[in-house]
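Here is the structure we will look at.
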Amino acid sequence: MSLTCLVYAESKDGRLRRVALEALGAARLLAGDSGAVHAVIAGTDSAALAEAAAELAARGAVVVHVADDPSLHGSAPEAVQAAIAAAIDAVQPSAVLLGHTALGREVAPRVAAAIGAAHIADVTAIEHSGDGGDVVFVRPLYAGKAVERLRIVPGAPAVLSVRPNNLPPAKPLPPGIPQGSVAALAYRAPTLWTTVRSVVRKASGGVDLAEADVIVSGGRGVRSADGFAPLQALAALLGGAVGASRGACDAGYCDYALQIGQTGKVVTPQLYIACGISGAIQHLAGMSGSRVIVAINKDAEAPIFGVADYGIVGDLFEIVPLLTAEFRRSLG
Ligand code: FAD
(Lines give C-alpha, C1' and ligand atoms only; values in the text may rest on other atoms or scores of the structure.)
Protein backbone atom coordinates (compact mmCIF):
# COMPACT_ATOMS: atom_id res chain seq x y z
CA MET A 1 0.00 0.00 0.00
CA SER A 2 1.52 3.36 -0.96
CA LEU A 3 1.28 6.13 1.59
CA THR A 4 0.88 9.82 0.86
CA CYS A 5 2.26 12.16 3.51
CA LEU A 6 1.90 15.90 3.94
CA VAL A 7 4.46 17.93 5.89
CA TYR A 8 3.74 21.36 7.30
CA ALA A 9 7.18 22.95 7.03
CA GLU A 10 7.46 25.69 9.62
CA SER A 11 9.73 28.67 9.14
CA LYS A 12 11.18 31.09 11.64
CA ASP A 13 12.53 34.51 10.75
CA GLY A 14 12.02 33.69 7.08
CA ARG A 15 14.04 30.45 7.17
CA LEU A 16 12.88 26.86 7.34
CA ARG A 17 13.27 25.45 10.83
CA ARG A 18 15.48 22.39 11.03
CA VAL A 19 12.57 20.43 12.48
CA ALA A 20 10.72 21.04 9.19
CA LEU A 21 13.44 19.04 7.42
CA GLU A 22 13.30 16.41 10.17
CA ALA A 23 9.53 16.07 9.64
CA LEU A 24 10.20 15.79 5.89
CA GLY A 25 12.77 13.05 6.56
CA ALA A 26 10.25 11.19 8.73
CA ALA A 27 7.61 11.54 6.00
CA ARG A 28 9.99 10.13 3.38
CA LEU A 29 10.70 7.20 5.67
CA LEU A 30 6.97 6.56 6.17
CA ALA A 31 6.09 6.95 2.50
CA GLY A 32 8.90 4.66 1.36
CA ASP A 33 9.79 4.38 -2.31
CA SER A 34 6.25 3.76 -3.47
CA GLY A 35 4.57 6.65 -1.60
CA ALA A 36 4.68 10.41 -2.06
CA VAL A 37 5.54 13.29 0.21
CA HIS A 38 3.98 16.73 -0.23
CA ALA A 39 4.85 19.83 1.77
CA VAL A 40 2.90 22.95 2.65
CA ILE A 41 4.48 26.26 3.57
CA ALA A 42 2.66 29.39 4.65
CA GLY A 43 3.69 32.99 5.18
CA THR A 44 3.76 36.52 3.87
CA ASP A 45 7.29 36.89 2.50
CA SER A 46 7.22 35.69 -1.11
CA ALA A 47 11.01 35.57 -1.51
CA ALA A 48 11.48 33.56 1.70
CA LEU A 49 8.67 31.20 0.68
CA ALA A 50 10.27 30.65 -2.74
CA GLU A 51 13.59 29.80 -1.08
CA ALA A 52 11.93 27.41 1.38
CA ALA A 53 9.95 25.76 -1.42
CA ALA A 54 13.11 25.18 -3.45
CA GLU A 55 14.84 23.55 -0.48
CA LEU A 56 11.90 21.26 0.27
CA ALA A 57 11.59 20.28 -3.41
CA ALA A 58 15.31 19.49 -3.47
CA ARG A 59 14.92 17.27 -0.41
CA GLY A 60 12.13 15.05 -1.64
CA ALA A 61 8.80 16.90 -1.52
CA VAL A 62 7.06 16.00 -4.80
CA VAL A 63 4.92 19.14 -4.64
CA VAL A 64 5.39 22.10 -2.32
CA HIS A 65 2.06 23.87 -1.78
CA VAL A 66 2.51 27.55 -1.01
CA ALA A 67 0.06 29.78 0.86
CA ASP A 68 1.17 33.41 0.58
CA ASP A 69 -1.33 35.70 2.24
CA PRO A 70 -1.33 38.66 4.69
CA SER A 71 -3.53 36.66 7.10
CA LEU A 72 -0.54 34.38 7.72
CA HIS A 73 1.42 37.20 9.36
CA GLY A 74 3.04 35.92 12.55
CA SER A 75 1.84 32.36 11.84
CA ALA A 76 -1.54 32.92 13.49
CA PRO A 77 -2.68 29.38 14.42
CA GLU A 78 -6.08 29.59 12.72
CA ALA A 79 -4.44 30.78 9.51
CA VAL A 80 -1.80 28.04 9.59
CA GLN A 81 -4.51 25.48 10.28
CA ALA A 82 -6.47 26.77 7.28
CA ALA A 83 -3.38 26.48 5.07
CA ILE A 84 -2.82 22.89 6.21
CA ALA A 85 -6.53 22.15 5.68
CA ALA A 86 -6.34 23.50 2.11
CA ALA A 87 -3.30 21.29 1.46
CA ILE A 88 -5.11 18.28 2.94
CA ASP A 89 -7.99 18.94 0.53
CA ALA A 90 -5.55 19.06 -2.38
CA VAL A 91 -3.41 16.06 -1.39
CA GLN A 92 -5.70 13.74 0.62
CA PRO A 93 -2.77 12.45 2.70
CA SER A 94 -2.83 9.48 5.05
CA ALA A 95 -0.48 11.22 7.46
CA VAL A 96 0.26 14.86 8.27
CA LEU A 97 3.60 15.61 9.92
CA LEU A 98 4.88 18.75 11.58
CA GLY A 99 7.35 19.87 14.23
CA HIS A 100 6.48 19.59 17.91
CA THR A 101 7.23 23.29 18.36
CA ALA A 102 5.16 25.90 20.19
CA LEU A 103 3.21 26.42 16.95
CA GLY A 104 3.06 22.69 16.16
CA ARG A 105 1.69 21.92 19.61
CA GLU A 106 -1.08 24.41 19.01
CA VAL A 107 -1.94 23.49 15.44
CA ALA A 108 -1.55 19.68 15.36
CA PRO A 109 -4.50 18.83 17.67
CA ARG A 110 -6.71 21.29 15.77
CA VAL A 111 -5.87 19.62 12.45
CA ALA A 112 -6.36 16.13 13.90
CA ALA A 113 -9.74 17.07 15.38
CA ALA A 114 -10.84 18.76 12.14
CA ILE A 115 -10.18 15.68 10.01
CA GLY A 116 -11.00 13.05 12.64
CA ALA A 117 -7.46 11.71 12.65
CA ALA A 118 -5.33 10.04 15.30
CA HIS A 119 -2.83 12.42 16.86
CA ILE A 120 0.55 11.30 18.12
CA ALA A 121 2.44 14.15 19.72
CA ASP A 122 6.13 14.51 20.50
CA VAL A 123 7.44 11.60 18.42
CA THR A 124 11.14 11.01 19.11
CA ALA A 125 11.73 7.89 17.01
CA ILE A 126 10.10 5.91 14.22
CA GLU A 127 10.71 2.19 13.96
CA HIS A 128 10.01 1.07 10.45
CA SER A 129 10.40 -2.41 9.09
CA GLY A 130 10.47 -1.36 5.41
CA ASP A 131 8.01 -0.68 2.61
CA GLY A 132 4.48 -1.53 3.69
CA GLY A 133 5.84 -2.92 6.93
CA ASP A 134 4.85 -2.22 10.47
CA VAL A 135 5.54 1.29 11.78
CA VAL A 136 5.89 2.08 15.48
CA PHE A 137 6.04 5.64 16.81
CA VAL A 138 8.00 6.21 20.00
CA ARG A 139 7.44 9.06 22.40
CA PRO A 140 8.50 9.81 25.97
CA LEU A 141 5.94 10.14 28.74
CA TYR A 142 5.95 11.44 32.32
CA ALA A 143 8.85 13.80 31.70
CA GLY A 144 10.91 11.01 30.12
CA LYS A 145 10.36 8.45 32.88
CA ALA A 146 8.46 6.13 30.53
CA VAL A 147 8.42 5.49 26.82
CA GLU A 148 5.26 4.81 24.83
CA ARG A 149 5.31 2.90 21.57
CA LEU A 150 2.27 3.39 19.36
CA ARG A 151 1.00 1.89 16.16
CA ILE A 152 -1.65 3.43 13.92
CA VAL A 153 -4.44 1.22 12.70
CA PRO A 154 -3.67 0.56 9.00
CA GLY A 155 -5.49 3.03 6.79
CA ALA A 156 -6.42 5.41 9.62
CA PRO A 157 -5.45 9.07 9.10
CA ALA A 158 -2.86 10.43 11.50
CA VAL A 159 -1.30 13.70 12.54
CA LEU A 160 2.22 13.33 13.93
CA SER A 161 4.27 16.04 15.60
CA VAL A 162 7.99 15.27 15.81
CA ARG A 163 10.26 16.52 18.59
CA PRO A 164 13.04 18.78 17.28
CA ASN A 165 16.54 17.33 17.12
CA ASN A 166 15.59 13.65 17.30
CA LEU A 167 15.00 12.44 13.75
CA PRO A 168 17.43 12.80 10.86
CA PRO A 169 16.63 15.65 8.45
CA ALA A 170 15.69 14.78 4.86
CA LYS A 171 18.81 14.66 2.72
CA PRO A 172 18.96 16.36 -0.68
CA LEU A 173 17.89 14.07 -3.52
CA PRO A 174 20.77 12.41 -5.35
CA PRO A 175 21.78 13.93 -8.70
CA GLY A 176 19.62 12.74 -11.57
CA ILE A 177 16.44 12.39 -9.50
CA PRO A 178 13.91 15.01 -10.61
CA GLN A 179 13.13 17.60 -7.99
CA GLY A 180 9.61 18.39 -6.86
CA SER A 181 7.43 21.20 -8.16
CA VAL A 182 5.88 24.23 -6.49
CA ALA A 183 2.17 25.04 -6.60
CA ALA A 184 0.07 27.88 -5.24
CA LEU A 185 -2.41 26.66 -2.67
CA ALA A 186 -6.12 27.43 -2.93
CA TYR A 187 -6.01 29.10 0.48
CA ARG A 188 -8.84 31.21 1.83
CA ALA A 189 -8.12 33.30 4.90
CA PRO A 190 -10.28 32.11 7.79
CA THR A 191 -11.80 34.27 10.50
CA LEU A 192 -8.90 34.96 12.80
CA TRP A 193 -9.94 34.77 16.45
CA THR A 194 -6.49 35.94 17.45
CA THR A 195 -4.06 38.13 15.53
CA VAL A 196 -0.36 38.43 16.17
CA ARG A 197 0.31 42.09 16.99
CA SER A 198 4.05 41.72 17.52
CA VAL A 199 6.66 39.19 18.52
CA VAL A 200 9.27 40.41 21.00
CA ARG A 201 12.36 38.24 21.21
CA LYS A 202 13.43 37.82 24.83
CA ALA A 203 16.48 35.62 24.58
CA SER A 204 19.16 37.60 22.80
CA GLY A 205 19.62 36.32 19.23
CA GLY A 206 21.90 33.34 18.78
CA VAL A 207 21.03 29.69 18.33
CA ASP A 208 17.50 28.46 19.05
CA LEU A 209 17.58 26.37 22.26
CA ALA A 210 15.14 23.78 20.91
CA GLU A 211 17.30 23.11 17.85
CA ALA A 212 20.78 23.65 19.31
CA ASP A 213 23.34 20.88 18.95
CA VAL A 214 25.26 22.16 21.96
CA ILE A 215 23.76 23.73 25.09
CA VAL A 216 25.79 25.17 27.94
CA SER A 217 23.41 25.55 30.85
CA GLY A 218 23.79 27.41 34.12
CA GLY A 219 22.13 26.95 37.48
CA ARG A 220 22.06 28.75 40.79
CA GLY A 221 25.75 27.91 41.05
CA VAL A 222 26.58 30.70 38.55
CA ARG A 223 25.67 33.12 41.37
CA SER A 224 24.78 36.18 39.22
CA ALA A 225 23.85 37.40 35.74
CA ASP A 226 27.53 38.14 35.16
CA GLY A 227 28.32 34.57 36.18
CA PHE A 228 26.79 33.47 32.86
CA ALA A 229 29.59 35.19 30.89
CA PRO A 230 31.99 32.20 30.86
CA LEU A 231 29.09 29.93 29.83
CA GLN A 232 28.21 32.30 26.99
CA ALA A 233 31.82 32.30 25.82
CA LEU A 234 31.92 28.48 25.75
CA ALA A 235 28.54 28.25 23.99
CA ALA A 236 29.60 30.81 21.37
CA LEU A 237 32.84 28.93 20.68
CA LEU A 238 30.95 25.65 20.16
CA GLY A 239 28.20 27.28 18.08
CA GLY A 240 25.69 26.44 20.77
CA ALA A 241 23.06 28.10 22.94
CA VAL A 242 22.91 29.02 26.61
CA GLY A 243 20.23 27.46 28.81
CA ALA A 244 19.40 27.64 32.50
CA SER A 245 17.77 25.88 35.40
CA ARG A 246 14.72 27.36 37.02
CA GLY A 247 16.91 28.04 40.04
CA ALA A 248 18.96 30.48 37.95
CA CYS A 249 15.84 32.03 36.40
CA ASP A 250 14.09 32.42 39.77
CA ALA A 251 17.20 34.07 41.17
CA GLY A 252 16.99 36.65 38.36
CA TYR A 253 20.31 35.66 36.77
CA CYS A 254 18.70 35.15 33.36
CA ASP A 255 15.44 35.29 31.47
CA TYR A 256 12.82 32.56 31.82
CA ALA A 257 13.09 32.07 28.05
CA LEU A 258 16.25 30.09 28.84
CA GLN A 259 14.62 27.73 31.35
CA ILE A 260 15.00 24.05 30.61
CA GLY A 261 12.89 21.44 32.35
CA GLN A 262 9.42 20.28 33.16
CA THR A 263 8.01 23.80 33.10
CA GLY A 264 10.57 25.13 30.63
CA LYS A 265 11.87 23.88 27.30
CA VAL A 266 12.55 20.25 26.48
CA VAL A 267 15.87 19.97 24.65
CA THR A 268 17.78 17.13 23.06
CA PRO A 269 21.16 18.47 21.94
CA GLN A 270 24.14 16.35 21.01
CA LEU A 271 26.02 17.85 23.96
CA TYR A 272 24.58 19.33 27.17
CA ILE A 273 26.99 20.93 29.62
CA ALA A 274 25.33 21.55 32.99
CA CYS A 275 27.22 24.06 35.13
CA GLY A 276 26.27 24.60 38.76
CA ILE A 277 22.97 22.73 38.37
CA SER A 278 22.03 20.25 41.10
CA GLY A 279 19.94 17.99 38.84
CA ALA A 280 16.44 18.23 40.31
CA ILE A 281 13.97 15.85 38.68
CA GLN A 282 12.13 18.80 37.11
CA HIS A 283 15.33 19.92 35.39
CA LEU A 284 16.18 16.40 34.23
CA ALA A 285 12.74 16.25 32.60
CA GLY A 286 13.93 18.83 30.09
CA MET A 287 17.40 17.59 29.22
CA SER A 288 17.92 13.92 30.06
CA GLY A 289 17.34 13.00 26.40
CA SER A 290 20.55 14.83 25.42
CA ARG A 291 23.03 12.62 23.56
CA VAL A 292 26.03 13.38 25.82
CA ILE A 293 25.70 15.09 29.21
CA VAL A 294 28.62 16.75 30.96
CA ALA A 295 28.09 17.97 34.53
CA ILE A 296 30.27 20.45 36.38
CA ASN A 297 29.41 20.76 40.04
CA LYS A 298 31.46 21.29 43.15
CA ASP A 299 29.29 18.84 45.12
CA ALA A 300 30.34 15.29 44.23
CA GLU A 301 26.97 14.04 45.56
CA ALA A 302 24.87 16.29 43.28
CA PRO A 303 22.13 14.23 41.54
CA ILE A 304 23.12 15.63 38.13
CA PHE A 305 26.06 13.21 38.19
CA GLY A 306 23.52 10.36 38.13
CA VAL A 307 22.55 11.21 34.53
CA ALA A 308 25.89 12.61 33.35
CA ASP A 309 28.11 10.73 30.89
CA TYR A 310 31.06 12.80 32.09
CA GLY A 311 31.26 14.47 35.49
CA ILE A 312 33.71 17.11 36.66
CA VAL A 313 33.75 17.83 40.39
CA GLY A 314 35.00 21.38 40.79
CA ASP A 315 34.30 25.07 40.66
CA LEU A 316 32.59 26.02 37.39
CA PHE A 317 34.41 29.37 37.37
CA GLU A 318 37.69 27.47 37.07
CA ILE A 319 36.53 24.57 34.91
CA VAL A 320 34.48 26.41 32.25
CA PRO A 321 37.28 28.82 31.20
CA LEU A 322 39.70 25.87 31.13
CA LEU A 323 37.33 23.92 28.87
CA THR A 324 36.86 26.97 26.63
CA ALA A 325 40.61 27.45 26.29
CA GLU A 326 41.10 23.74 25.55
CA PHE A 327 38.32 23.69 22.92
CA ARG A 328 39.71 26.89 21.37
CA ARG A 329 43.14 25.29 21.14
CA SER A 330 41.88 22.03 19.63
CA LEU A 331 39.44 23.74 17.22
CA GLY A 332 42.35 25.81 15.94
P1 FAD B 1 20.29 24.33 43.16
O2 FAD B 1 19.46 23.15 43.43
O3 FAD B 1 20.42 25.35 44.24
O4 FAD B 1 21.72 23.79 42.74
C5 FAD B 1 22.83 24.62 42.55
C6 FAD B 1 24.02 23.70 42.34
O7 FAD B 1 25.14 24.46 42.01
C8 FAD B 1 24.38 22.87 43.56
O9 FAD B 1 24.39 21.49 43.19
C10 FAD B 1 25.78 23.34 43.94
O11 FAD B 1 26.61 22.29 44.42
C12 FAD B 1 26.28 23.85 42.61
N13 FAD B 1 27.28 24.92 42.70
C14 FAD B 1 27.26 26.04 43.47
N15 FAD B 1 28.34 26.79 43.22
C16 FAD B 1 29.07 26.13 42.29
C17 FAD B 1 30.30 26.41 41.64
N18 FAD B 1 30.97 27.55 41.85
N19 FAD B 1 30.76 25.51 40.76
C20 FAD B 1 30.10 24.36 40.50
N21 FAD B 1 28.92 24.05 41.12
C22 FAD B 1 28.42 24.93 41.98
N23 FAD B 1 13.71 23.41 37.65
C24 FAD B 1 14.23 23.49 36.42
O25 FAD B 1 15.46 23.59 36.24
N26 FAD B 1 13.41 23.46 35.33
C27 FAD B 1 12.07 23.35 35.43
O28 FAD B 1 11.38 23.36 34.41
C29 FAD B 1 11.50 23.26 36.74
N30 FAD B 1 10.16 23.10 36.90
C31 FAD B 1 9.67 22.93 38.17
C32 FAD B 1 8.30 22.69 38.32
C33 FAD B 1 7.78 22.49 39.60
C34 FAD B 1 6.32 22.22 39.75
C35 FAD B 1 8.64 22.56 40.72
C36 FAD B 1 8.09 22.33 42.11
C37 FAD B 1 9.98 22.81 40.57
C38 FAD B 1 10.52 23.02 39.30
N39 FAD B 1 11.87 23.27 39.11
C40 FAD B 1 12.37 23.32 37.86
C41 FAD B 1 12.77 23.59 40.24
C42 FAD B 1 13.63 22.42 40.66
O43 FAD B 1 12.92 21.64 41.60
C44 FAD B 1 14.92 22.93 41.33
O45 FAD B 1 14.58 23.80 42.41
C46 FAD B 1 15.83 23.71 40.39
O47 FAD B 1 16.05 22.97 39.22
C48 FAD B 1 17.16 23.96 41.08
O49 FAD B 1 17.97 24.75 40.28
P50 FAD B 1 19.54 24.65 40.40
O51 FAD B 1 19.99 23.24 40.19
O52 FAD B 1 20.12 25.71 39.54
O53 FAD B 1 19.80 25.13 41.91
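What the table below lists for this structure:
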| item | result |
| --- | --- |
| Scope the range 213-227; condition near the ligand (Cβ under 8 Å from one of its atoms) and either on the phi > 0 side of the Ramachandran plot or of a type in the set (S, T, N, Q) (or both); matching residues | Arg223 |
| Residue, nearest to the ligand (Cβ to nearest atom), within the range 250-261, restricted to residues that are surrounded by 16 or more Cβ atoms within 10 Å (Cβ to Cβ) and in contact (Cβ under 8 Å) with a residue 40 or more places away in the chain | Ile260 |
| Selection status of Gly286, within 9 Å of the ligand (Cβ to nearest atom), modelled with pLDDT under 95 and either among the small types (Gly, Ala, Ser) or part of a strand (DSSP E or B) (or both) | yes |
| Test for Pro190: is it on the phi < 0 side of the Ramachandran plot and more than 14 Å from the ligand (Cβ to nearest atom) | yes |
| Answer from Ala52, Ala76 - the residue that is in contact with a Ser or Thr (Cβ under 7 Å, 6 or more places away or on another chain), buried (at least 18 other Cβ atoms within 10 Å of the Cβ) and modelled with pLDDT under 95 | Ala76 |
| Which listed residue, of Val135, Val96, is in contact (Cβ under 8 Å) with a residue 60 or more places away in the chain and crowded, with 21+ Cβ neighbours inside 10 Å | Val96 |
| In the range 40-68, residue nearest to Glu78 (Cα to Cα) [restricted to those that are touching a helix residue (DSSP H, G or I) at 6+ places or on another chain (Cβ under 9 Å) and part of a helix (DSSP H, G or I)] | Ala52 |
| Search result, residues across the range 289-310 that are without any contact (Cβ under 8 Å) to a residue 24 or more places away in the chain, more than 7 Å from the ligand (Cβ to nearest atom) and either outside any strand (DSSP E or B) or surrounded by 18 or more Cβ atoms within 10 Å (Cβ to Cβ) (or both) | Arg291, Ile293, Val294, Ala295, Ala300, Glu301, Asp309 |
| Count of the range 1-28 residues which are crowded, with 18+ Cβ neighbours inside 10 Å and either within 18 Å of Val135 (Cα to Cα) or free of Cβ contacts under 8 Å to residues at least 40 places away in the same chain (or both) | 11 |
| Test: residue in the range 222-238 that is touching a strand residue (DSSP E or B) at 6+ places or on another chain (Cβ under 9 Å) and in a strand (DSSP E or B) | no |
| Filter result for Thr268 (near the ligand (Cβ under 8 Å from one of its atoms), over 16 Å from Leu323 (Cβ atoms) and out of contact with any Asp or Glu (no Cβ under 9 Å at 6 or more places or on another chain)) | no |
| Any hit, the range 321-331, residues being near the ligand (Cβ under 9 Å from one of its atoms), touching a residue at least 12 places away in the same chain (Cβ under 8 Å) and either among the basic types (Lys, Arg) or closer than 20 Å to Asp213 by Cα (or both) | no |
| Flag if Gly247 is within 16 Å of the ligand (Cβ to nearest atom) and touching a Lys or Arg at 6+ places or on another chain (Cβ under 6 Å) | yes |
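Quick grid of which residues meet (1) touching a residue at least 12 places away in the same chain (Cβ under 8 Å); (2) surrounded by fewer than 16 Cβ atoms within 10 Å (Cβ to Cβ); (3) under 22 Å from Asp208 (Cβ atoms):
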{"residue": "Leu167", "(1), (2), (3)": "yes, no, yes"}
{"residue": "Pro178", "(1), (2), (3)": "no, yes, no"}
{"residue": "Ala186", "(1), (2), (3)": "yes, yes, no"}
{"residue": "Ala189", "(1), (2), (3)": "yes, yes, no"}
{"residue": "Thr194", "(1), (2), (3)": "yes, yes, no"}
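The values are calculated or read from the model by the stated rules, or taken from the named source; none is laboratory data. None of the values given here were measured: they were computed from a predicted structure. Neighbour counts run over all protein chains shown; Cβ positions are idealised from the backbone, glycine included.
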